[in-house]
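**Q** This is the structure, below, for whatever I ask next.
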Amino acid sequence: MSLSKAARQIDSLLRGGFTQKEKLESGRVELPVGSMVLASVLLGAVYGICMGLFAVLREENPSFPQLMATTVKVPLLFLATLVVTFPSLYVFSALARSRLEASSTLKLLLAAVTVNLAVLASFGPVTGFFTLSTDSYSFMVLLSIAFFLVSGCVGLGFLSRALDRVFFSEEEEQQAAQANADKAAAEADPVAAARSAARPFDDKSSFQRKTSVPAPRPGRSIMRVWVAIYAVVGAQMAWIMRPFIGAPGIEFSFFRERGGNFLKAFLETLAGLFG
């Protein structure tokens with residue numbers, strides 16, 4: 001696949017080309033899986049290069065292997081998190097009577113990850129600029145955390161909008177059933193149906209159907225649960241796969257020993273920035 005074709009497909013994804021309402025409501029997600037996986041790897045690698053550049057340009061203990069490792073680990077972080085969290089979202093969505101099968105659910109999640117990485121890659125030049133203009137390791141760590149957070153919110157927002165189209169609320173199901181019943185009645189007795197249409201508010205139940213407040217969609221409740229799972233798993237996955245930038249004064253290693261957690265490290269980095 002050429003880079004120009006990949007760019008067109010990413011642009012189509014960002015503009016909603018693979019998540020049209022009609023297709024989602026019919027339970028279809030027509031996403032080129034191979035192309036999106038490749039696009040995710042390339043987009044993650046772009047930000048990985050910009051993120052790992054700090055290790056090469058720092059005055060103390062510059063490390064080219066850290067740049068190469070970060071280039072690999074950024075896309076791996078997102079794809080690994082997708083694999084770990086996919087079963088939970090599929091089970092939750094199936095319990096809520098989603099119209100997406102397992103393969104379509106996975107495609108939708110892959111689309112959200114690709115959007116996430118596209119936004120993250122767009123922050124790459126900003127990260128590169130600050131790499132050239134500061135030597136603060138703590139600042140660069142917090143800057144990347146901020147960019148990961150913003151891009152993650154955008155990706156999850158994309159997924160949330162798509163999930164709203166996958167589920168029907170209980171009221172919508174009742175309205176669909178009523179519409180089918182009205183259609184059947186109209187076919188059986190056209191004259192009575194015409195009289196009923198001319199007086200849409202002649203009974204209390206009809207008025208309630210017209211004025212009732214829409215019930216919340218189950219996709220939103222599922223989204224809140226899954227966002228929490230995705231955020232926790234993603235943060236801990238990043239902690240396990242560290243280092244990404246490489247602290248000055250510490251020799252390069254592809255992975256560090258396990259210990260502590262992401263939240264503790266974040267607070268320590270924040271204290272180091274202002275300390």
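**Q** Asn61 versus (1) at pLDDT 90 or above; (2) within 16 Å of Ile245 (Cβ to Cβ): which is the lone unmet condition?
**A** Every listed condition holds for Asn61 apart from (1).
**Q** Could you tell me whether Leu100 is surrounded by 14 or more Cβ atoms within 10 Å (Cβ to Cβ), closer than 30 Å to Phe139 by Cβ, among the hydrophobic types (A, V, I, L, M, F, W, C) and in contact (Cβ under 8 Å) with a residue 40 or more places away in the chain?
**A** No; evaluated as a whole, the condition is false for this residue.
**Q** From Leu13, Leu24, Leu89, which residue is in a helix (DSSP H, G or I), surrounded by 15 or more Cβ atoms within 10 Å (Cβ to Cβ), modelled with pLDDT under 85 and not assigned by TED's automatic domain parsing to the domain that holds Arg161?
**A** Residue meeting the stated conditions: Leu24.
**Q** Can we say Glu60 is in contact with a Pro (Cβ under 6 Å, 6 or more places away or on another chain) and outside any helix (DSSP H, G or I)?
**A** It is true that Glu60 is in contact with a Pro (Cβ under 6 Å, 6 or more places away or on another chain) and outside any helix (DSSP H, G or I).
The values are calculated or read from the model by the stated rules, or taken from the named source; none is laboratory data. Being a predicted model, the structure only gives us computed values, none of them experimental. Cβ coordinates were reconstructed from backbone atoms using ideal geometry, including for glycine residues, and neighbour counts include every protein chain displayed.
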